[in-house]
Amino acid sequence: MNTLICGRMKEGKTTLALYLAREWANGVVAWDPRHRITGATYVYSGDELEDAIMDKKWRDGLIVFRPDGLRIEEQFDEMCGVLFTPVERFDHFALVIDEAADLQSAHRISPRLSQAVRQHPRSVLIVQTTHSLQDWHRASKDLTSDVYTFRLRGRSLQALVEFCDGGSEMYETVAALPRHHCIHINLEATETAEEEIELLDDPKMWYSPDSQVEEDGNYDSQAASV
């Protein structure tokens, strides 16, 4: 399953991503280029990630991979080499890729990211976060099953509506979202499936102290409804 979460800064994209990951599986790995995610185990290389998985550190909480910022794509390759070589090596886990725009553009995508989103087992959830979908690579777009979006404006908002084949109602709904509120767009919805669009207006539902990142702000329900 491939999920995208988009929104402006300080809305709670990473917090929501970690909530969805935990709901999916007990084993969660988070790619953390900003070094803002709180985890039980921090790793800085493919070898350390391998050891953490073999030692079943995922039972203690999140396994957080923190690249050094100088070799983003190289270290992302290391992480995916452990998780997806071969692609069916592990099943039923979740991978959160924070700031996924670092690994792709409209014309290029990290080969390892492309492999991950195209070939991962159906029992695996990949959640990518980004500020905007306007420069998103088609590999990520075409294989997306769910989009969660917080408030957007301008070109970023228009890119979301086009990405989801939405219309004026979606545009107006997203533009008017209160802080920390979002909508869930099910791109695989059918007439017999759940509703295509769902409003998520209770941020406390997915907020938990150990998933808060420094920029996510106040999740008090009154503040969120202002």
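The values are calculated or read from the model by the stated rules, or taken from the named source; none is laboratory data. Just so it is clear, the structure is predicted and the values come from calculations on it, not from any experiment. With ideal geometry, Cβ positions are generated from the backbone for all residues, glycine too; neighbour counts draw on all protein chains shown. To get the accessible areas, we keep the full protein, side chains included, count just its heavy atoms, and leave off ligands, DNA and RNA. Shrake-Rupley method; radii C 1.70, N 1.55, O 1.52, S 1.80 Å.
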Search the stretch 131-144 for residues being assigned to a helix (DSSP H, G or I) and out of contact with any strand residue (DSSP E or B) (no Cβ under 7 Å at 6 or more places or on another chain), and hand back the single one that is nearest to Leu20 (Cα to Cα).
Lys141
Pairs please, first residue from the stretch 51-69 and within 14 Å of Phe90 (Cβ to Cβ), second anywhere and assigned to a strand (DSSP E or B), Cβ atoms under 6 Å, 6+ apart in sequence or on different chains.
Ala52/Thr41; Ala52/Val43; Ala52/Ile63; Lys57/Thr41; Lys57/Ile63; Ile63/Val29; Ile63/Thr41
Given the criteria at pLDDT 95 or above, of a type in the set (A, V, I, L, M) and surrounded by 15 or more Cβ atoms within 10 Å (Cβ to Cβ), does Leu125 qualify?
yes
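Is it the case, given these coordinates, that Ser132 is over 25 Å from Leu200 (Cα atoms), under 16 Å from the mean Cα position of the chain (by Cα), crowded, with 17+ Cβ neighbours inside 10 Å and of a type in the set (Gly, Ala, Ser)?
No: the conditions fail for Ser132.
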Is there any pair with a first residue in the stretch 99-121 that is among the acidic types (Asp, Glu) and a second that is surrounded by fewer than 17 Cβ atoms within 10 Å (Cβ to Cβ) and not in a strand (DSSP E or B) whose Cβ atoms are under 7 Å apart and which are 6 or more apart or on different chains, and what are they?
Glu99/Arg34; Asp102/Ile72
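What are the residues in the stretch 101-120 that are touching a Phe, Trp or Tyr at 6+ places or on another chain (Cβ under 8 Å) and of a type outside the set (S, T, N, Q), if any? Break it down stepwise before answering.
Narrowing the stretch 101-120 to residues touching a Phe, Trp or Tyr at 6+ places or on another chain (Cβ under 8 Å): 101, 103-104, 106, 110, 112-113, 115-116, 119-120.
Answer for the stretch 101-120, where residues must be touching a Phe, Trp or Tyr at 6+ places or on another chain (Cβ under 8 Å) and of a type outside the set (S, T, N, Q): Ala101, Leu103, Ala106, Arg112, Leu113, Ala116, His120.
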Search result, residues across the stretch 1-14 that are of a type in the set (Val, Ile, Thr) and crowded, with 24+ Cβ neighbours inside 10 Å:
Ile5, Thr14
Free of Cβ contacts under 8 Å to residues at least 40 places away in the same chain, in contact with a Leu (Cβ under 9 Å, 6 or more places away or on another chain) and either open to solvent by 10 Å² or more (accessible area, probe 1.4 Å) or farther than 19 Å from Ser140 by Cβ (or both), is that true of Glu73?
yes
Filter the stretch 28-41 down to the residues that are over 14 Å from Thr129 (Cβ atoms) and modelled with pLDDT under 95, then identify the one that is least open to solvent (accessible area, probe 1.4 Å).
Gly39
Residues of the stretch 169-181 satisfying the condition of being touching a helix residue (DSSP H, G or I) at 6+ places or on another chain (Cβ under 9 Å), under 16 Å from Ala159 (Cα atoms) and surrounded by 14 or more Cβ atoms within 10 Å (Cβ to Cβ)
Met170, Tyr171, Val174
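Would you check if there is a residue in the stretch 145-162 being in a loop (DSSP other than H, G, I, E, B), open to solvent by 60 Å² or more (accessible area, probe 1.4 Å) and at positive phi?
For the stretch 145-162, residues in a loop (DSSP other than H, G, I, E, B), open to solvent by 60 Å² or more (accessible area, probe 1.4 Å) and at positive phi: absent.
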Ile37 β-branched (Val, Ile, Thr) and within 13 Å of the chain's Cα centre (by Cα)
yes
For the stretch 13-127, which fully contained strands (runs of 3 or more DSSP E) count at least 3 residues that are touching a Ser or Thr at 6+ places or on another chain (Cβ under 9 Å) and within 23 Å of Cys182 (Cα to Cα)?
none
